Amino acid sequence: MDTEEVNELKVLSAKMRVELLKMLKRRTYGHLGGSMSIIEVLSTLYGKHLKHDPLNPNWDDRDYLVLSKGHSGPGLYAALAVNGYFEKEILGSLNEGGTSLPSHPDRILTPGIDATTGSLGQGTSVAAGLGYALRLEKASQYVYLIVGDGELNEGQCWEAFQFIAHNKLNHVIVLIDENKRQLDGFTVDILNPFDIQEKMIAFGFHTMKVDGGSELEISNAIDEAKKIEDQAVCIVLDTVKGQGIPYFEEMVDNHSVKFCEQDYQAVDHAIQKLQDFIQKAGA
Amino acid sequence: MWELSKDTGLAEKEMRVTFRETLECLMGENKKVLAFEADLGGASHFAKIKATYPDNFVQMGISEANMVGVAATTSMRGFVPFIHTFSPFASRRVADQVYLTGAYAQNTLNIFGSDPGICAAANGGTHTTFEDIALYRAIPEVQVFAPADNVQLEWLIKEVTNRKGVHYIRANRKAVSRIYQEGSTFEIGKGNVIRQGTDVLLLTMGVLVREALDAAEELEKEGISVEVIDMFTIKPLDKELILREMRGKKLVVTFENHNIINGLGSAVAEVMADAGSGIPLKRMGVMDRFGQVGSFDFLKEEYGLTKAHVKHVVYEFMK
Ligand SMILES: Cc1ncc(C[n+]2csc(CCOP(=O)(O)OP(=O)(O)O)c2C)c(N)n1
Ligand SMILES: [Mg+2]
């Protein structure tokens with residue numbers, strides 16, 4: 001990827017962050033931390049790797065994206081809106097009665113959502129099922145699975161991983177958002193995950209670990225993953241919960257934030273900075 | 001003995017605070033009381049127990065099925081396990097573990113399934129549980145409770161602590177309206193007639209009790225006399241009370257924050273049908289639908305769980 005392409009993805013990330021922050025600000029609360037830490041992977045997917053068509057979300061030949069850590073739905077909604085799946089104004093209806101944007105992704109309600117998630121762990125089997133079906137069809141498209149590091153506590157993840165590895169479903173690209181935190185605190189304190197990369201290797205995956213805040217590194221890893229032909233593949237994303245805004249990165253409990261006065265100021269400040277960045281980039 | 005609270009407003013204390021404080025109180029007396037969490041200790045406030053009784057708090061991470069198995073099995077060594085997670089994960093997600101390692105193996109497990117039914121609100125359809133009572137009612141020996149307020153919840157927690165077996169407690173995390181006077185006591189398997197009436201018998205539980213009482217009061221002004229029962233123990237069910245109180249009534253209504261299939265309404269219908277009562281029954285609740293996202297008030301309206309809906313059903317029948 002050349003510098004220009006990288007910069008385009010950085011602008012895309014910034015645009016998604018702006019929409020995410022506006023959305024949560026309007027709602028006054030929401031799952032901020034885990035939405036922020038997947039922004040770069042989402043912009044890299046939607047901006048470069050994912051075969052998709054916003055005007056035809058049910059296109060039969062599309063790649064699939066499964067956001068297994070469904071509570072980060074707002075991050076995904078921002079990505080879908082910025083990439084033309086629906087009007088940005090709709091983001092304002094998050095969680096309102098009758099909305100098409102519930103807190104957790106719903107494949108029946110929202111254009112561009114392929115997997116209904118929210119009960120942690122279940123999306124891993126959805127990705128495995130899609131991958132297996134596509135394999136039976138001899139179809140060439142990919143399934144991108146985004147799973148949380150806390151979510152890995154769920155046994156179901158490891159059941160799905162065994163299935164994916166055993167069947168060498170190399171078209172299911174497993175992306176682990178290792179932001180080192182879950183709801184009640186740091187993953188090491190809650191249920192020590194030890195070395196996630198080593199674990200995935202032990203489970204039979206060709207596993208890479210990259211800076212999850214770098215569109216370039218993520219993109220390169222996906223390129224490499226696509227070259228693997230006879231093995232399951234996993235990319236561990238080294239991320240920060242609340243990624244991209246120091247104020248929220250440092251917040252003690254940034255999983256689901258109920259904004260106070262100071263938080264609103266931080267949000268406004270961050271939006272301003274991101275918009276300046278977008279403007280400077282001439283986008 | 002219980003008494004109704006004179007203050008009918010919203011309780012100052014959230015239900016989760018009562019849950020945690022009651023557990024801490026029990027832990028002060030009994031080292032064997034344990035509180036298990038599956039990474040929702042921030043949501044339940046159970047995480048605070050880590051500071052007060054570090055040896056009695058067990059953090060399981062996001063592994064509800066494992067939590068059920070581990071917690072229930074500690075009872076083999078005389079521990080008294082309480083577990084918490086949101087009601088969908090405390091029921092649907094762990095049904096087999098509760099069935100086998102819990103009930104069938106005759107272990108003890110006290111389950112707090114929080115934010116049942118429309119209490120899930122902003123968490124939406126994926127987190128909405130209209131079938132937890134249905135699942136647990138159908139497992140032998142499991143007892144199912146839906147406390148109406150903090151007073152009843154506190155009493156219930158203390159009561160189950162002294163009992164063996166599997167107890168499922170569904171309750172909102174947030175504050176609910178006061179129903180009972182501080183210090184009231186209850187009986188497992190006994191419903192409470194919380195308002196006398198002669199025309200209609202209205203049975204309800206949990207977060208809808210205040211709504212039912214309000215509906216009854218308004219109907220009284222219209223000349224319709226409604227008796228209200230708080231059926232906080234859904235299983236074991238107070239059959240005697242139902243059979244006694246339905247006598248002479250023109251209509252029986254059940255009103256629940258749950259699917260009308262295999263919840264309170266079904267349980268009452270079974271009792272009435274078995275007795276060949278012949279009295280008309282209206283089951284109010286969620287009409288076999290999935291949950292959705294929205295505020296508690298929006299959802300109450302959406303699923304027909306307001307006092308206005310109760311009044312409408314009663315009027316339509318009585319007119
Ligand atoms: C089965 C299940 N249990 C519990 C929850 C509640 N919950 C939502 S998010 C979360 C923590 C998730 O941590 P992680 O996967 O690390 O997500 P991230 O850090 O990316 O936000 C929990 C416990 C849930 N949604 N599903
Ligand atoms: Mg995490």
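The values are calculated or read from the model by the stated rules, or taken from the named source; none is laboratory data. Note that the structure is predicted; figures quoted are calculated from it, not measured. As a convention, Cβ positions derive from the backbone with ideal geometry for all residues, glycine included, and neighbour counts pool all protein chains shown. Surface accessibility is based on the protein's heavy atoms, side chains included, excluding ligands, DNA and RNA. Shrake-Rupley method; radii C 1.70, N 1.55, O 1.52, S 1.80 Å.
Descriptive notes on the structure:
- Yes/no for A:Leu109 being surrounded by fewer than 23 Cβ atoms within 10 Å (Cβ to Cβ), more than 8 Å from chain B (Cβ to nearest Cβ) and touching a His at 6+ places or on another chain (Cβ under 7 Å): no
- Counted as qualifying within segment B:161-236 are the strands (runs of 3 or more DSSP E) with 2 or more residues that are outside the structural domain of B:Val314 (by TED's automatic domain parsing) and crowded, with 22+ Cβ neighbours inside 10 Å, namely B:166-171.
- Filtered residue count, segment B:94-115, keeping only those that are open to solvent by 20 Å² or more (accessible area, probe 1.4 Å) and either hydrophobic (A, V, I, L, M, F, W, C) or within 19 Å of B:Gly61 (Cβ to Cβ) (or both): 5
- Pairs where the first residue, in segment B:32-59, is in contact (Cβ under 8 Å) with a residue 60 or more places away in the chain and the second is assigned to a loop (DSSP other than H, G, I, E, B) and of a type in the set (S, T, N, Q), C-beta under 9 Å, 6+ apart: B:Ala43/A:Ser256
- Taking segment B:92-114 as the range and being away from chain A (no Cβ under 12 Å) and farther than 18 Å from B:Thr22 by Cβ as the test, the residues that pass are B:Ala95, B:Asp96, B:Val98, B:Tyr99, B:Leu100, B:Thr101, B:Gly102, B:Ala103, B:Tyr104, B:Ala105, B:Gln106, B:Asn107.
- In the set A:Phe194, A:Phe161, only one residue is more than 12 Å from chain B (Cβ to nearest Cβ), within 16 Å of ligand 1 (Cβ to nearest atom) and in a loop (DSSP other than H, G, I, E, B); that residue is A:Phe194.
- Residue count for segment A:129-157, restricted to those that are away from ligand 1 (no atom under 14 Å from the Cβ) and either without any contact (Cβ under 8 Å) to a residue 12 or more places away in the chain or under 25 Å from A:Gly75 (Cα atoms) (or both): 11
- For segment B:287-303, a residue qualifies if it is farther than 23 Å from A:Ser93 by Cβ and either within 14 Å of chain A (Cβ to nearest Cβ) or not acidic (Asp, Glu) (or both), and exactly one does: B:Met287.
- Within segment B:257-319, helices (runs of 4 or more DSSP H) holding 2 or more residues that are among the aliphatic types (A, V, I, L, M): B:264-274, B:307-318
- When the helices (runs of 4 or more DSSP H) confined to segment B:1-93 are screened for residues that are within 16 Å of ligand 2 (Cβ to nearest atom), open to solvent by 30 Å² or more (accessible area, probe 1.4 Å) and out of contact with any helix residue (DSSP H, G or I) (no Cβ under 6 Å at 6 or more places or on another chain), those reaching at least 1 such residues are found at B:41-44.
- Check on A:Leu55, open to solvent by 10 Å² or more (accessible area, probe 1.4 Å), aliphatic (A, V, I, L, M) and in a loop (DSSP other than H, G, I, E, B): yes
- Filter result for A:Ala79 (farther than 28 Å from B:Val94 by Cβ, open to solvent by less than 10 Å² (accessible area, probe 1.4 Å) and within 16 Å of ligand 1 (Cβ to nearest atom)): yes
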